[in-house]
1. Do the conditions hold for GLY198, that is, is it farther than 25 Å from SER20 by Cα and touching an Asp or Glu at 6+ places or on another chain (Cβ under 9 Å)?
2. Among the residues of segment 220-235, write down those that are outside any helix (DSSP H, G or I) and in contact (Cβ under 8 Å) with a residue 24 or more places away in the chain.
3. When segment 75-123 is examined, which residues are found to be closer than 21 Å to LEU193 by Cβ, of a type outside the set (A, V, I, L, M, F, W, C) and in contact with a helix residue (DSSP H, G or I) (Cβ under 7 Å, 6 or more places away or on another chain)?
4. When you check GLN53 against the structure, is it of a type outside the set (Val, Ile, Thr), at pLDDT 90 or above, in a loop (DSSP other than H, G, I, E, B) and more than 13 Å from the chain's Cα centre (by Cα), yes or no?
5. Go through PHE163, PHE182 for me and flag whichever is loosely packed, with under 12 Cβ neighbours inside 10 Å, more than 23 Å from LEU104 (Cα to Cα) and hydrophobic (A, V, I, L, M, F, W, C).
6. In segment 53-97, which residues are among the charged types (D, E, K, R) and more than 29 Å from LEU183 (Cα to Cα)?
7. Kindly list, by first and then second residue, each pair from a residue in segment 122-134 that is of a type in the set (Ser, Thr, Tyr) and buried (at least 18 other Cβ atoms within 10 Å of the Cβ) to a residue that is part of a loop (DSSP other than H, G, I, E, B) and modelled with pLDDT under 95, limited to pairs with Cβ atoms under 7 Å and residues at least 6 apart or on different chains.
8. Would you please list the contacts, defined by Cβ atoms under 8 Å and residues six or more apart or on different chains, that run from a residue in segment 18-35 that is surrounded by fewer than 18 Cβ atoms within 10 Å (Cβ to Cβ) to a residue that is in a helix (DSSP H, G or I) and at pLDDT below 90?
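The values are calculated or read from the model by the stated rules, or taken from the named source; none is laboratory data. What you see is a predicted model, and the numbers here were worked out from it, not measured in a lab. FYI the Cβ positions are ideal-geometry reconstructions off the backbone, even for glycines, and counts take in every protein chain you see.
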Amino acid sequence: MSDPPPPNPVLTAYEGFVQSTPLVTRYILSIQFVSYLFSWVVNPHLALANIPQFVLQFEVYRLVLSPLVNTSIISLIFAFLSFVDHGKRLEHSLGSAAFAWLCLTIGGTVNVAFFLLCLIAYAVSGQDKVFLFYSAAGIWLILFGIIAIECTQAPRTSKRRLFFFEVPVLFYPLALYLFFAFLSGGPSIPYLLSIGVGYTYGYGYLDRTKLTTSKAKQWEEGVLANFTRRQGWVVGHAATGMEAWNDASNGAGMVRSLLLLLMLSI
């Protein structure tokens, strides 16, 4: 009798990903992967990125969907290395409904701010249309904001490791942004806006946009009922709060930082 065939490593890895990753984080990363695959045939950036000229033509869905765009294998690997950790912790901390709403809030606010900033630059410049074709897209429109929110909640005396340096926690998002700007050849206004939105949210100036526990429960019993029965959904009353962040380690951050440096240097 022949031995059973060895397990498919790709299928095994995917099953492990499904079992260990909460639903909203998993969906966001899966869409990143699908977006990258589509980029071989079409240009999802042109179709979904926040480009003011197209938003003015009533393609307002771009203000919501642009963070899901991914056209680079490096960005895809980076999204999995970075977002999977922050997404897991925050989704377990808040619950899936509140985490999804937080991502929509950060991404939407950043995109609206970027859109308005481009319109102001267009008007001030004497209607130079180049400002209408700047774009904002990618998972870091959300992730920079999430990192900034996390850092505003951390003890003020704590520090985060960025490569071989320790940075005061409150300035960690800005230090990471500067490394991005240095390695990518220039600053990114949308990413800087994301950090600003994260700080604003973390200090409570956007508290009115937060999803309340009662509203989350109402959604889970109504429009989101189908999702609550799927593997990985974290119901609001089962969220772990700040305990989800207790096992964070500088060592893991160091490894991700080194991988980031390697990928951005390619």
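1. Working: farther than 25 Å from SER20 by Cα: yes; touching an Asp or Glu at 6+ places or on another chain (Cβ under 9 Å): yes.
Yes.
2. LEU224, ARG230, GLN231, GLY232, TRP233, VAL234, VAL235
3. Once the filter is applied, which keeps residues that are closer than 21 Å to LEU193 by Cβ, of a type outside the set (A, V, I, L, M, F, W, C) and in contact with a helix residue (DSSP H, G or I) (Cβ under 7 Å, 6 or more places away or on another chain), segment 75-123 yields SER82, HIS86, GLY87, THR105, GLY107, GLY108, THR109, ASN111, TYR122.
4. no
5. Details: PHE163 fails: loosely packed, with under 12 Cβ neighbours inside 10 Å.
After applying the criteria, what remains is PHE182.
6. Restricting attention to segment 53-97, the residues satisfying the condition of being among the charged types (D, E, K, R) are 59, 62, 85, 88-89, 91.
Within segment 53-97, GLU59, GLU91 qualify.
7. TYR122/ASP128
8. SER20/LYS88; PHE33/LEU76
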